[in-house]
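Peer 1: Got a structure for you, written out below as structure tokens; questions coming shortly.
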Amino acid sequence: MIRGDRCKVARMRNLTLLVALALPLAGCAESAAAPSRATGSAVKIHNALIEKGRFGRSKIRVMQPRFITIHATQNFAPSADARAHARMLQSGSLKGPKNSLGFVTWHFTVDQDSVWQSLPTNEQGQHADYEGPGNRSSIGIEMCENRGNSRARTTDRTARLTAELMQHHNIPLRNVVPHQHWPMVRFADGRHLRQKNCPHFLMDNGRPGKKWNTFINQVDRYRKQL
């Protein structure tokens with residue numbers, strides 16, 4: 001069997017695993033980033049894993065995800081779409097001096113047109129609270145805010161992705177939380193920092209309220225359709 005055929009077969013065998021574990025396709029480059037679809041999924045996932053052993057994956061910390069944490073990038077540059085953020089994570093461009101890895105990492109980045117995955121969902125990221133339970137137990141999803149990107153479409157795609165992750169990992173709706181939910185514990189000195197107003201456009205006066213509840217209801221509608 002030629003290499004191209006091996007890759008094709010590997011993609012078919014691993015199709016149902018990409019959302020759960022983002023496993024590299026057997027015999028294929030991990031950074032190929034070909035669109036993939038989970039069984040029954042309405043959301044295509046582009047595979048752009050950070051290279052194992054480098055940058056934000058220099059240490060692999062296995063986790064069983066129990067929460068999903070929703071973020072917003074607050075990066076308004078026109079080019080700052082989901083693919084660009086995934087490439088920044090792959091290149092180690094996002095430093096995180098207040099956490100023990102020295103890099104910021106999360107699992108999925110979403111824009112109006114696409115979803116890019118940077119970490120397997122069974123590995124801890126560094127996106128919620130430095131060394132706290134948010135990082136140790138939650139899947140991190142960042143919503144893009146680049147100029148020209150539709151916030152409504154991005155939020156809708158995020159709700160769909162969240163619903164599918166809930167279904168796959170048996171995560172209850174009450175465990176879908178904003179970044180604001182987690183008090184931040186700084187690695188360097190153990191200081192507790194106040195919760196971040198994030199995702200800012202889904203918070204009311206810095207806290208979950210009507211806008212967050214609207215998003216949660218949107219997630220719940222998609223979950224009931226699965």
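Peer 1: Considering segment 175-204 alone, what residues qualify as being farther than 22 Å from ARG157 by Cβ and at pLDDT 95 or above?
Peer 2: Across segment 175-204, the qualifying residue is only ASP204.
Peer 1: How about segment 156-169: which of its residues are farther than 15 Å from LYS44 by Cα and touching a strand residue (DSSP E or B) at 6+ places or on another chain (Cβ under 8 Å)?
Peer 2: Across segment 156-169, the qualifying residues are MET166, HIS169.
Peer 1: Still on this structure: Those residues that are in a strand (DSSP E or B) and basic (Lys, Arg), I need them from segment 196-225; list them, please.
Peer 2: Matches in segment 196-225: ARG207 only.
Peer 1: Looking at (1) among the aliphatic types (A, V, I, L, M); (2) without any contact (Cβ under 8 Å) to a residue 60 or more places away in the chain; (3) part of a helix (DSSP H, G or I), find the lone condition where ALA128 falls short.
Peer 2: Going through (1) among the aliphatic types (A, V, I, L, M); (2) without any contact (Cβ under 8 Å) to a residue 60 or more places away in the chain; (3) part of a helix (DSSP H, G or I) one by one, ALA128 breaks only (3).
Peer 1: Give me the pairs: first residue in segment 204-221 and aromatic (Phe, Trp, Tyr), second residue surrounded by 12 or more Cβ atoms within 10 Å (Cβ to Cβ), beta-carbon distance under 7 Å, and six or more apart or on different chains, which are they?
Peer 2: Within 7 Å, the pairs are TRP212/PRO178; TRP212/LEU202; TRP212/MET203; PHE215/THR155; PHE215/ALA159; PHE215/LEU202.
Peer 1: When you look at ALA48, is it among the aliphatic types (A, V, I, L, M), under 14 Å from GLU142 (Cα atoms), within 12 Å of the chain's Cα centre (by Cα) and at pLDDT 95 or above, yes or no?
Peer 2: It is false that ALA48 is among the aliphatic types (A, V, I, L, M), under 14 Å from GLU142 (Cα atoms), within 12 Å of the chain's Cα centre (by Cα) and at pLDDT 95 or above.
Peer 1: Give me a count of the residues in segment 136-181 that are without any contact (Cβ under 8 Å) to a residue 24 or more places away in the chain and either under 14 Å from HIS71 (Cα atoms) or of a type in the set (A, V, I, L, M) (or both).
Peer 2: The number of residues fulfilling the criteria is 1.
The values are calculated or read from the model by the stated rules, or taken from the named source; none is laboratory data. Everything quoted here is computed from the prediction, not taken from an experiment. Cβ coordinates were reconstructed from backbone atoms using ideal geometry, including for glycine residues, and neighbour counts include every protein chain displayed.
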